[in-house]
Amino acid sequence: MPDLAKLHANLLRFNGLEGFIEQIRRLNLKPHDPFFSVLGMLCYGAAYAPNPAAHRGFDMPIDMETGALREDVWQHWLAWDPVRMIDQPENIAAWKQMNYIYLDCGLWDELNFPVGTRIMSNKLKALGLQHDFELFNDGHINVPYRYDISLPRLEKVIRQK
């Protein structure tokens, strides 16, 4: 939600969505450039609110003139939120069929995932589902060293099959 709230202002920096798309090839990007926030929100929009009739194939989550949240589109986004999806009976059945569940998240995650990850872990516990859950002392970006922890665990489960 924080990046969504900034989407309108960030798009104004690029002269709107079309300006953003036009400038992609010419941008000199820095690690915390607004470009990455905009790109993330557009990817979420394409995944969570596809609409073949819309100009770019998906509905924007904000009113492009005012920046106000479009509640109808936001509801489409929320429908894909794993923390909400786990409560649906058809999804609970799928979770219960999993051989292994691994959740990890950086405590200082730039996308604010620790809250949702904690909630997900608690929901899994409430369903009686065993899982590994770790919060680690880092962010969301540049954490490939975490593969040294996650991949051996996943490999172990795959080899047991």
- Item | Candidate set from region 55-73 (those that are among the charged types (D, E, K, R) and not in a loop (DSSP other than H, G, I, E, B)); member that is surrounded by the most Cβ atoms within 10 Å (Cβ to Cβ) | ASP72
- Flagged in region 94-119 as over 29 Å from GLN160 (Cβ atoms) and part of a loop (DSSP other than H, G, I, E, B), in numbering order, are LEU107, TRP108, ASP109, GLU110, LEU111, ASN112
- Out of LEU17, LEU7, sole residue that is touching a residue at least 60 places away in the same chain (Cβ under 8 Å) and among the hydrophobic types (A, V, I, L, M, F, W, C): LEU7
- Query: Somewhere in region 9-19, is a residue over 17 Å from the mean Cα position of the chain (by Cα), under 30 Å from ASN91 (Cα atoms) and open to solvent by 40 Å² or more (accessible area, probe 1.4 Å)?
  - Reply: no
- Item | Looking only at region 105-157, and only at residues there that are acidic (Asp, Glu) and surrounded by 12 or more Cβ atoms within 10 Å (Cβ to Cβ), the one that is farthest from LYS30 (Cα to Cα) | ASP132
- Query: over 27 Å from GLY139 (Cβ atoms), touching a helix residue (DSSP H, G or I) at 6+ places or on another chain (Cβ under 8 Å) and part of a helix (DSSP H, G or I): does that describe ASN91?
  - Reply: yes
- Taking region 93-113 and keeping residues among the hydroxyl-bearing types (Ser, Thr, Tyr) and out of contact with any Ser or Thr (no Cβ under 9 Å at 6 or more places or on another chain) leaves TYR100
- Hey, can you tell me all the residues within region 20-41 that are surrounded by 13 or more Cβ atoms within 10 Å (Cβ to Cβ) and in contact with an Asp or Glu (Cβ under 8 Å, 6 or more places away or on another chain)? SER37, GLY40, MET41
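Table: residues versus (1) touching a residue at least 12 places away in the same chain (Cβ under 8 Å); (2) more than 14 Å from the chain's Cα centre (by Cα).
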| site | (1), (2) |
| --- | --- |
| ASP33 | no, yes |
| GLY57 | no, yes |
| LEU78 | no, no |
| ALA93 | no, yes |
| TRP108 | yes, yes |
- Item | Any pair with Cβ under 9 angstrom, 6 or more apart, that starts in region 116-141 at a residue that is more than 18 Å from ARG84 (Cβ to Cβ) and ends at one that is open to solvent by 40 Å² or more (accessible area, probe 1.4 Å) and β-branched (Val, Ile, Thr) | GLU134/ILE149; PHE136/ILE149
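The values are calculated or read from the model by the stated rules, or taken from the named source; none is laboratory data. Note that the structure is predicted; figures quoted are calculated from it, not measured. Cβ coordinates were reconstructed from backbone atoms using ideal geometry, including for glycine residues, and neighbour counts include every protein chain displayed. In case anyone asks, the SASA skips ligands and DNA or RNA and just uses the protein heavy atoms, side chains included. Shrake-Rupley method; radii C 1.70, N 1.55, O 1.52, S 1.80 Å.
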